[in-house]
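Please read the structure below before turning to the comments.
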Amino acid sequence: MKDRPRAPRSRRGGDERSGSGWLTAKRIVILGVSVVVVVGGATFVIRTSMEHNNAPKQVLGPDSFLALDPNAPDPESDILKEQAVQALRKDRLQSTREDRKKGLDPVEIVQKAPGGGGFTPADFPPGSTPDPGSNKALGKQMAEARGWGGEWGCLEKLWDKESHWNERAMNRYSGAYGIPQALPGSKMASAGSDWQTNPATQIKWGLGYIAGRYKTPCGAWGHSQSTGWY
């Protein structure tokens, strides 16, 4: 009588007999390191989140804008400038139809410097309004110091149009203030706390604004010519 063939050994049975032979020392080390990394990372995230939630909140005060970029694009101000240009165009058109004085000037020389940004409105020093020509000479000198001597014509025309180079000029439509017509005027405090009355401070801020947004005075003048504002 022939012997019956033996049934093949169960692979599962073989694994069971080998027990945990797959769990070598190397694999134990890898698993241990992985657990430490995962647990440690989760602990760090949770702890950091709790510290941020418990940290005292910083409240921006009136002068906090000084730490911000004064030359960064400000969509809200740009909208106000565009609205002011449209209002001026409407008034000029209306004056033409009614045969009134043409070429309305949006520049108003105010008697009191505006406030804003934590500053109270300032009284101007006693005396007459300084000759805008002196401000223009100062502006030319400061522009040359920036290397913009060759673009003086653009800067001169730009601020002739915006403020007549008068440090007390305010746009009757938008409220923009000073020689460079900052909107609001308190933005110029990043160049000095005397922004309300000091032409040099206003010019310093204005040149920085032009450099930040338009690179050069001619870049700003070109934008002003195409849109009516800069």
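The values are calculated or read from the model by the stated rules, or taken from the named source; none is laboratory data. Since this is a predicted model, take the numbers as computed values, not measurements. Positions of Cβ are backbone-derived with ideal geometry, glycine not excepted, and every protein chain shown enters the neighbour counts. Heavy atoms of the whole protein, side chains included, go into the accessibility calculation; ligands, DNA and RNA do not. Shrake-Rupley method; radii C 1.70, N 1.55, O 1.52, S 1.80 Å.
Some observations on this one:
- Condition check for Trp152: in a helix (DSSP H, G or I), over 22 Å from the mean Cα position of the chain (by Cα) and not small (Gly, Ala, Ser): yes
- Residue selected from the stretch 105-154 under the condition hydroxyl-bearing (Ser, Thr, Tyr) and modelled with pLDDT of 80 or more, by the criterion nearest to Gln225 (Cα to Cα): Ser134
- Some residue of the stretch 172-182 being over 21 Å from Leu104 (Cα atoms) and not hydroxyl-bearing (Ser, Thr, Tyr): no
- Within the stretch 75-88, the residues that satisfy the criterion of being in contact (Cβ under 8 Å) with a residue 24 or more places away in the chain and either open to solvent by less than 90 Å² (accessible area, probe 1.4 Å) or over 14 Å from Ala176 (Cα atoms) (or both) are Ser77, Asp78, Leu80, Lys81, Glu82, Ala84, Val85, Ala87, Leu88.
- Qualifying residue in the stretch 176-183 (condition: open to solvent by 30 Å² or more (accessible area, probe 1.4 Å) and touching a helix residue (DSSP H, G or I) at 6+ places or on another chain (Cβ under 7 Å)): no
- Any hit, the stretch 118-135, residues being of a type in the set (A, V, I, L, M) and surrounded by fewer than 22 Cβ atoms within 10 Å (Cβ to Cβ): yes
- Residues that are out of contact with any strand residue (DSSP E or B) (no Cβ under 9 Å at 6 or more places or on another chain), closer than 16 Å to Glu156 by Cβ and of a type outside the set (S, T, N, Q), drawn from the stretch 194-222: Pro199, Ile203, Leu207, Ile210, Tyr214, Pro217, Cys218, Gly219, Ala220, Trp221, Gly222
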